[in-house]
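Read through the structure below, which is laid out as structure tokens, and then see the notes.
Every number in this text was worked out from the coordinates using simple rules, so none of it is lab data. Just so it is clear, the model here is predicted, and its values are computed rather than measured. As a convention, Cβ positions derive from the backbone with ideal geometry for all residues, glycine included, and neighbour counts pool all protein chains shown.
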Amino acid sequence: MVMKRNNIIEELIKLGPLCSGTFYEQYIPCGKKNCRCHDEEDPKLHGPYYVWVRRINGRQVNRTLLPGPDLDKVKEGMENYYRFQALILDLLRRDEESVLSAVRAARGAGKKNSRKIYRKS
């Protein structure tokens, strides 16, 4: 159990940059009347633009990214963030299980001990 816990912690340490939030692909028209994006029969919208949406201090923050290294870094950061969350949940589940089994072992399995209240001294 301790070995698996240490493996999870080592994997957490090895994770690269973390980016929370999500992103989506966007195609938009411009403000020029004669542009191809305003063609009634076959409009060709501008894009793709990638919008990274996240919360900072309780406020939604959007950042538009163009294809390239910044977008790749954000995608990698999001994958690392999702992996981070999964590892933390696994670690939490394991620790809670070990705490529960330790409490059960201290109390015993019989009815006599089931009513005792354990308090910190």
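Shown here are the Rg and Dmax of the Cα trace of region 1-57, at 22.0, 67 Å. Once the chain from Val99 to Glu41 is taken as fully extended at 0.36 nm per residue, the excess over their C-alpha distance is 14.3 nm.
Report the GluC sites (Glu not before Pro) located in region 40-97 that are in a DSSP loop and have at most 11 other Cβ atoms inside 10 Å of their Cβ, or state none. Before the final figure, lay out each step's value.
Details: sites: Glu40, Glu41, Glu76, Glu79, Glu96, Glu97; in loops: Glu40, Glu41.
Loop-located and lightly packed - Glu40, Glu41.
For region 2-106, the fraction of alpha-carbon pairs lying more than 23 Å apart is 54 percent, rounded to a whole number.
Here the spin labels are modelled as points 7 Å beyond Cα on the Cα-Cβ line, and at Arg59 and Leu91 they lie 3.1 nm apart. The modelled label-to-label distance between Tyr24 and Val2, using points 7 Å beyond Cα along the C-beta direction, is 4.9 nm. When the Cα positions of Gly47, Asn62, Cys35 are compared along the charge dipole of region 1-83, Asn62 comes out farthest toward the positive end, with charges on each C-beta of Lys, Arg, Asp and Glu.
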